[in-house]
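Working notes for the structure below.
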């Protein structure tokens, strides 16, 4: 199988929407099956950065917030955007401080993934942050956050019980759970 080539043929493309964070392009294509069609692509202009703050007792710090797009409350790991030209770890440190007031002495990248690769090119990195120091948070004006501290086992249960549904959080907690069970932490 040749994984280096595409069976898609692009006939034309048109930028439909653009703002500082995303753009939407519509492509007229010939599909791998040979038929003509359209395909939309959402391009993200930043990285998605997630942080799992974990204290010495194995507790995880999560944030809860109302998500406008979902029109519901969501429980998540601290998350945010990282400029492409800035070291992702620096963006992670900024997000952790901004959303929780915490700083961490130890950082480890434990996960990299595309969040919804059928329609977006959004790429995410998740860091495990340890040796935490508490401080004052400074959320953005679009954020009204509640910080909660829960044992890893309880957070894992919340993922399995569909209480936590944010894709980056689900993947991050499942990865952390595997690392914990394999004694790699």
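So in region 40-137, what percent of DSSP beta bridges are antiparallel if you round to the nearest 5? Working shown, then result.
Values: 21 of 28 bridges.
If we restrict to bridges inside region 40-137, about 75 percent are antiparallel.
Averaging over all projection directions, the Cα-based convex hull of region 1-55 occupies 6.9 nm² in the image plane.
The protection proxy used here, the mean number of other Cβ atoms lying within 10 Å of each residue, ranks peptides 42-51, 18-27 as follows, highest first: 42-51, 18-27. Annotation: average projected area of region 73-117 is 4.3 square nanometres, based on the convex hull of Cα atoms across all directions.
Cβ-Cβ distance of residue 55 and residue 160, R₀ of 25 Å, FRET efficiency by 1/(1 + (r/R0)^6): the value works out to about 0.70.
Would you calculate a helix-derived [θ] at 222 nm for the chain, using -39,500 (n - 2.57) for each DSSP H run of n ≥ 4 and dividing by the full residue count, to the nearest 500?
Working: 3 runs with 37 residues, N = 185.
After summing the helix terms and dividing by the residues of the chain, the value is -6500 deg cm²/dmol.
Rounded, prolate or oblate for region 58-139? Axes are the square roots of the Cα gyration tensor eigenvalues, ordered a ≥ b ≥ c, and the cut-off for rounded is a/c under 1.5. Judged from the Cα gyration tensor, region 58-139 comes out oblate (a/c at least 1.5, b/c at or above a/b). Label-to-label distance, residue 70 versus residue 106, with points set 7 angstrom from Cα along the beta-carbon direction: 3.0 nm.
Pairwise over distinct Cα atoms, reciprocal of the mean inverse distance: report the Kirkwood radius of region 35-185 in Å, one decimal place. List each step's numbers first, then the result.
Working: mean 1/r = 0.0626 Å⁻¹.
Its Kirkwood hydrodynamic radius stands at 16.0 Å.
Restricting attention to the chain, close to 85% of DSSP beta bridges with both partner residues there are antiparallel.
With each label modelled as a point 7 angstrom along the Cα→C-beta vector, the residue 153-residue 183 pair spans 1.8 nm.
Quick note: the coordinates plus some simple rules give every number you see, no bench work behind them. Because the structure is a prediction, the values reported are computed rather than measured. Please note: Cβ atoms are built from the backbone with ideal geometry, for glycine as well, and neighbour counts cover all protein chains shown.
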